[in-house]
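S.K.: The following block contains the structure, expressed as structure tokens.
Only the coordinates and a few stated rules stand behind these numbers; no lab work does. Since this is a predicted model, take the numbers as computed values, not measurements. In this analysis, Cβ positions are derived from the backbone assuming ideal geometry, glycine residues included, and neighbour counts consider all displayed protein chains.
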Amino acid sequence: MDDLLIIGAGWAGLSAAAFALHLKPKAKIRVIAQGIGSLVVTPGWLSLLDSAQGEVLAAVRDLAARHPDHPYALAGAEALERAVRLFAQIGAEIELGYQAEPPLYNKRVFTALGSLQTPAILPYGYQGAAQAGERPLFVGFEGWRDYYPSLSGEPHVLIAPPIGARPWDLTPTDYARHFDQPPFRAEVARQVKARLNGATSVAFPAVLGLEHHAETVQSLQDRLGVPVFELPTLPPSVPGARLYNKLRRYLLDRGVRLQIGHPVVRGVREGKRLAGVEVAAAGKPQFFGARAVILATGNLYGGGLFSDDSGRVWEGIFDLPVQHNSDRQTWFSARMLAAEGHAVHRFGIRADAQLKPLAAEGAPLAENLFAAGHILAQPSESPSPFETAEGVALATAYRAAQLALTQP
Amino acid sequence: MIEPRELPYLQETPFTADHCLKCNICTQACPVVPVTDLFPGPKTVGPQAQRFRDPDLPSPDQSVDYCSGCGICTLVCPHGVRVMEINTQAKAKLAEAKGFSLRNWILGHNAWWGVLGTPFAPLLNWAFRFKPFRWLAEKTLGISARAAFPTWAGYTFRSWWRKREKKRAQPAEDARPVVVYYHGCSTNSYEPRIGKLAVQILEHNGFRVIVPPQACCGLPLQSNGMFAEARRFARKNTSALADYARRGIPIVGTAGSCIMALKGDYEHILGLHDDDTRALAGGIYDISEFLWGLHQQGKLKTDFRPVSAFPPELRALIGDSIVPYHAPCQLKAHGMGRPALDLLDLIPELRVVEMDADCCGIAGTYGYKAEKRQIAEDVGAPLFRRIREIGARLAVCDTETCRWHIAQMSGARVVHPVELLASAYGITADERAMI
């Protein structure tokens, strides 16, 4: 039997596993997920509260005080800060440059479409945006359909590094693997340098190395003599994959079982507790027993919630009631990129102050089931869930791991 | 040849393509994509090309031949698309339309060569180490001269088993619960020691082991696109073994990928949807899965000796190092977790760590093909590098071709989990100690 079984391998699931290791190094931890998890479709930075003007953790505490049913409030006032400090510690070990020592202030980063975002914690690739200066140069690759630097800003250049016969067919990850090779970097730097033309910094799509990211950014900066930074690309995201790969190694090295592929399909009850979960495996269902379970399967995007054309919304494993609007007309705002987001993104399950999911009658479904991440409902008047995306995942993951590990 | 559909529409392998969002997560995770330009990726040749695959028309895409069939695409897909299965069916379609090479026919029929070669073991083992012979085999047949071939043991597991059964007094009343041992071709002809150890481990845990007639799982035929013949092998196994499963007698095997063929491929790749296939799929276990299941019920004997009491040769190989464990792709496809790792964790003083590499590269017969050999070596390079960095002289892996490939490429000795479990139980493959 495992001490902790986590369902889901996105931000919440993987960080819950990593936090649990720190809280109880000898704990037996298992992560089970259908598919690789959402890290590879996120930009790889951490949004805690993008609209915060001052110190971010203080602003989050303020948000939690105003919205007692917000996941930040359920996680408790201290959870985010502790989670962020732990993430910084792990971030240092996995060498992706995530610096997260409080006090934290939001950073300004560029997007591929020329807008700005203000997440709080960045890996190396995005950090150079702070020194973008007056005249950043946006660099793209000739013939590549995934990134058009003219959409990001001017001036822009298209370079043609040697990438083989089918430049249009490459994914961001393919480019990242090319950047892992020193001769390729050198050639890119040569072509860009010839066209710098007084640029104060250089922006690339986020493909600056997969395995050797820090080295790639550093070597480009050295050769170009100006700050270099990345812009998030279309998925699958390279910064997300870097983090996923490093976290995977981190967890496996420490004995965590990471099972990607077959979904958990139901919980197995034993009185008021869960004895474990059942996985839809090859041939027959597989049972995994656990002292505590964290449900971190995400919302409609992550695969934790489902909907159909009747407006029904349901949770796929424990059939927990989902807080949602039954009128589908109200699910979406008029504009796709509306700043307030869409009502549908706030749908989720409800949980008590111990992050225990609530069943239909309003009591916890099981004493040893906890929820983390975006499967938790968010109140309608609170900031858009995208503003707090990784923060909510980390804070609830920390709190859920902490509570789960106290289970007998 | 498409068999009548018996699953709900969207669970039928070809139609899972309808769940594809074209997110390219599978392309990002595919281990073949980064090392060759000849394979455009699982999404392109799988769900994307599937739109152009009419069951009654030839397959439009040739590059699917470079799919190694590792199945990582299917595992990482967040939407349940059976990418590898779609690709394997498309490969069969290609073979149906274009025919298959003599080389693929030879590699697909591994089941025969194992048994037929046994009497000629010394000669064959010499020939397969004789460089001019391998050079010739590469030039004429396209079988890579660099690939590691197993050696014939010179006797089969089955012949050993028959002799052992004859010699042993059969008790009049045997109340022990029965398990069927499914040995697979490799254990039968090349590595009988694994079968000998498995049988004794099961007996040590209070089971009566039986070894009824059985056939090759058919996986080498399936992955080389010879579906009709693979189905014949599958039928032999389902009719030989399904009854045991129905009677609640577990069927336990030591070849992780063969077991996966019986557990899942028969239905989802070969398209067999009958009751026998389902009964067998539900009643067959990888040996680690079976033993770990026993442990969870408190029924596994845990009289494990510490590493310091292992045989000296093995102890020396382990030394002070951690022991790298590679979970083969086909084993991950079981969805049963890492039972081998869970079991090995029970052995005192043994520190086994799962490697984060996805695939070792060999993918069954794939890495034995001359034109794919370099790909197979490059795919596994991160794993081999990691094993060398750790400085490990011993590694663990559940499937045979992966073991041979990792051993050849990393320099470590690579054992099946039962080899370590046996040492911990004090069980050996030595003839005298066994009967």
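S.K.: With the Cα gyration tensor of the range A:133-226 in hand, give its eigenvalues times 5 under a square root as the equivalent ellipsoid semi-axes, listed largest first in whole angstrom.
M.R.: On the way: eigenvalues 73, 52, 25 Å².
Taking √(5λ) for each Cα gyration eigenvalue gives 19, 16, 11 Å.
S.K.: Among DSSP bridges having both ends in chain B, what percentage is antiparallel? Round to the nearest 5. Could you put the intermediate results ahead of the total?
M.R.: On the way: 1 of 18 bridges.
Antiparallel bridges: around 5 percent, rounded to the nearest 5.
S.K.: Sticking with this structure for a sec: Cβ neighbours within 10 Å, averaged per peptide: list B:30-40, B:309-319, A:327-337 in order, most packed at the top.
M.R.: Numbers: B:30-40: 20.3, B:309-319: 14.0, A:327-337: 11.2.
Top to bottom by mean Cβ count within 10 Å: B:30-40, B:309-319, A:327-337.
S.K.: Continuing with this model, one more query. Could you size up the charge dipole of the range B:157-300 around its Cα centre, putting +1 on the beta carbon of Lys and Arg and -1 on that of Asp and Glu, and report it in debye to the nearest 20?
M.R.: Details: 20 positive and 14 negative charges, 136 e Å.
Around 660 debye, computed over the range B:157-300.
S.K.: Restricting to bridges with both residues inside the protein assembly as shown, how much of the DSSP beta-bridge set is antiparallel, in percent to the nearest 5? All intermediate terms of the calculation are to be shown ahead of the outcome.
M.R.: Details: 21 of 66 bridges.
Close to 30 percent.
S.K.: Given the pairs B:166/B:263; B:98/B:131; B:139/B:372; B:139/B:369; B:263/B:332; B:167/B:196, which span a C-alpha to C-alpha distance of over 20 angstrom in this model?
M.R.: The answer is B:166/B:263; B:98/B:131.
S.K.: Add -39500 (n - 2.57) for each DSSP H run of 4 or more in chain A, then divide by its residues: what number comes out at 222 nm, to the nearest 500 deg cm²/dmol?
M.R.: Details: 11 runs with 117 residues, N = 408.
My calculation for chain A gives -8500 deg cm²/dmol from helical runs alone.
S.K.: Shifting gears a bit: Could you give the size of the charge dipole of the range B:233-300 about its Cα centre, using +1 on the Cβ of each K and R and -1 on the Cβ of each D and E, expressed in debye and rounded to the nearest 20? Write out the running numbers ahead of the final one.
M.R.: Working: 7 positive and 8 negative charges, 38 e Å.
Dipole size: approximately 180 debye.
S.K.: Using just the Cα positions, wrap chain B in a convex hull and report its mean projected area in square nanometres, one decimal place. Please list the in-between numbers first.
M.R.: On the way: hull surface 82.8 nm².
Projected area, direction-averaged: 20.7 nm².
S.K.: Just to confirm the number: angle between the C-alpha axis of helix A:213-224 and the first principal axis of chain A, 0 to 90 degrees, nearest 10?
M.R.: 20
S.K.: To continue, here is another question. Kindly provide log₁₀ I(q)/I(0) values, in the same order as q = 0.17 Å⁻¹, from the Debye equation applied to equal alpha-carbon scatterers of the range B:9-98.
M.R.: -0.61
S.K.: For the range B:307-431, what are the per-bin percents of Cα-Cα distances with bins 5 Å wide, up to the bin holding the maximum?
M.R.: So the P(r) values, bin by bin, are 2, 11, 22, 23, 19, 13, 7, 3, 0, 0.
S.K.: As I understand it, the value is the acute angle between the Cα axis of helix B:287-296 and the longest principal axis of the Cα atoms of chain B; what does it come to in degrees, rounded to 10?
M.R.: Once rounded, the angle reads 60 degrees.
S.K.: Quick one: which of B:329-339, B:173-183, B:420-430 comes out on top by average Cβ neighbours within 10 Å, and what's the full order, highest first? Write down the numbers at each step before the final one.
M.R.: Details: B:329-339: 25.9, B:173-183: 16.7, B:420-430: 19.7.
The densest-packed peptide leads the list: B:329-339, B:420-430, B:173-183.
S.K.: Once the principal axes of the Cα atoms of chain A are found, what is the range along each, listed largest first in whole angstroms?
M.R.: 71, 43, 43
S.K.: Going by a ≥ b ≥ c, the root eigenvalues of the Cα gyration tensor, does the range B:50-198 fall in the rounded group (a/c under 1.5), the prolate group (a/b larger than b/c) or the oblate group?
M.R.: Details: a/c = 2.83, a/b = 1.43, b/c = 1.97.
The shape class here is oblate.
S.K.: Can you check how the C-alpha radius of gyration of the protein assembly as shown compares to 2.2 N^0.38 Å, as a plain ratio?
M.R.: Here the answer is 0.97, to two decimals.
S.K.: For the range B:157-300, rounded, prolate or oblate, judged on the Cα gyration tensor with a ≥ b ≥ c (square roots of eigenvalues), a/c < 1.5 rounded, else prolate if a/b > b/c?
M.R.: Details: a/c = 1.85, a/b = 1.50, b/c = 1.23.
Prolate shape, in that a/c is at least 1.5 and a/b is the bigger ratio.
S.K.: Can you give the % of DSSP beta bridges in chain A that are antiparallel, to the nearest 5? Numbers along the way, then the final one.
M.R.: On the way: 20 of 48 bridges.
In chain A, DSSP labels about 40 percent of beta bridges as antiparallel.
S.K.: While we're looking at this one, here's another question. Determine the dipole magnitude for the protein assembly as shown: charges of +1 sit on the beta-carbon of Lys and Arg, -1 on that of Asp and Glu, nothing else is charged, the reference point is the Cα centre, and the result goes in debye to the nearest 20. Mind dumping the intermediate values first?
M.R.: Numbers: 89 positive and 82 negative charges, 494 e Å.
It comes to approximately 2380 debye.
S.K.: Still on this structure: Give me log10 I(q)/I(0) at q = 0.14, 0.18, 0.19, 0.25 Å⁻¹ for the range A:367-408, Debye formula, one equal scatterer per alpha-carbon, no solvent.
M.R.: So the normalised log intensities are -0.36, -0.54, -0.59, -0.84.
S.K.: Give me the Å³ per residue figure for the convex hull around the C-alpha atoms of the range B:144-238. Walk me through the intermediate numbers first.
M.R.: Numbers: hull volume 11.7 nm³, N = 95.
So the per-residue Cα hull volume is 124 Å³.
S.K.: Hey, what D do you get for the range B:232-296 in µm²/s if you plug the Kirkwood alpha-carbon radius into Stokes-Einstein at 37 °C and 0.692 mPa s? Mind dumping the intermediate values first?
M.R.: Numbers: Rh = 11.7 Å.
For the chosen part, D equals 280 µm²/s.
S.K.: So if I take the centroid of the Cα atoms in the range B:180-195 and the same for the range B:277-297, what is the distance between those two points in Å?
M.R.: Centre-to-centre (Cα) distance: 18 Å.
S.K.: So, one more: Expressed as a fraction of 2.2 N^0.38 Å, the rule-of-thumb size for a compact globular protein of N residues, what is the C-alpha radius of gyration of the range A:252-361?
M.R.: Numbers: Rg = 16.6 Å, N = 110, 2.2 N^0.38 = 13.1 Å.
Scaled against compact globular proteins, the figure is 1.26.
S.K.: From the phi of every residue in the range A:78-95, what ³J(HN,Hα) in whole Hz does the Karplus formula 6.51 cos²θ - 1.76 cosθ + 1.60 yield, where θ is phi - 60° and glycine or proline is x?
M.R.: Going residue by residue, I get 8, 4, 5, 4, 5, 4, 5, 5, 5, 4, 4, 5, 5, x, 5, 5, 8, 6 Hz, with x marking Gly and Pro.
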